[in-house]
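Working notes for the structure below.
Where a number appears in this text, it was derived from the coordinates with a stated rule and is not lab data. Remember, it's a predicted structure, so these values are computed and weren't measured experimentally. In this analysis, Cβ positions are derived from the backbone assuming ideal geometry, glycine residues included, and neighbour counts consider all displayed protein chains.
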Amino acid sequence: MMILVTGGSKCGKSRYAESLFRNRTEQKIYLAAMQPFGEEAHTAIRRHRIMRAEKGFLTVEQYTDIGRADFPDGSAVLLECMGNLLANEMFRGDKIIDCADKIISDIQQLYQRTSLLVIVTNQVGSDGITYGDGTAAYISALGRINQKIALAADKVIECIYGIPVTVKG
């Protein structure tokens, strides 16, 4: 089963996504895509690893190429989050890389290896603001990725003010 959890910033997406694993008996993997920059990020990651371990998750850090993440086949996997993964893939080096299709392919590879795949993503681009080329390309790519995942997913949940609302399934 694949579930996409979406919503705006600080709307309860992660808390809801983690709750979907509460009664899982197979290995629970927290596939973390946030690449740490600076001591504050490293401190937050250490804190999050402890919190996840208390919930039975094994944290696997995979900033790019998630289709190659190392975990036991048949695990229940929480990918957190698509926005970070896209930024890591897209902004490597000096140029912007169109990587939406690659990420979709990686998601398909990941899904084939899991008993449950929950993907947390962000809703961006609905503010009506015109952005520079890099940000506009990022918003467009995330929109395309979210659409393709939503079509493939068994369930799509939007978190609004901490309330999960079923959009699909």
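Assorted remarks:
- Label sites at Val165 and Arg47, each approximated as a point 7 angstrom past Cα along Cα to Cβ, lie 3.0 nm apart.
- Selection of chymotrypsin sites (Phe, Trp or Tyr not before Pro), region 112-169, meeting DSSP coil and at most 14 other Cβ within 10 Å: Tyr131, Tyr161
- Distance from the alpha carbon centroid of region 46-97 to that of region 1-20 works out to 15 angstrom.
- Excluding same-chain neighbours fewer than eight residues apart, the lysines reachable from Lys55 by a Cα-Cα span under 25 Å are Lys10, Lys13, Lys28, Lys155.
- Region 86-169: C-alpha gyration tensor shape, a/c 1.5 cut-off, then a/b vs b/c: oblate
- Counting Lys and Arg as +1 and Asp and Glu as -1 over every other residue whose Cβ lies under 13 Å from the Cβ of Phe21, the net charge comes to +2.
- Semi-axes of the equivalent ellipsoid for region 2-168, computed as √(5λ) from the eigenvalues of its C-alpha gyration tensor and ordered from largest down, come to 23, 18, 17 Å.
- Subtracting the Cα-Cα distance of Arg144 and Gln112 from their residue separation scaled by 0.36 nm leaves 9.4 nm.
- Estimated FRET transfer efficiency (Phe37, Tyr131; beta-carbon r; R0 22 Å; 0.05): 0.55
- Positive minus negative residues near Gln123 (Lys, Arg vs Asp, Glu; Cβ under 14 Å): +1
- Those GluC sites (Glu not before Pro) in region 1-65 that DSSP places in a loop and that have at most 16 other beta carbons within 10 Å: Glu26
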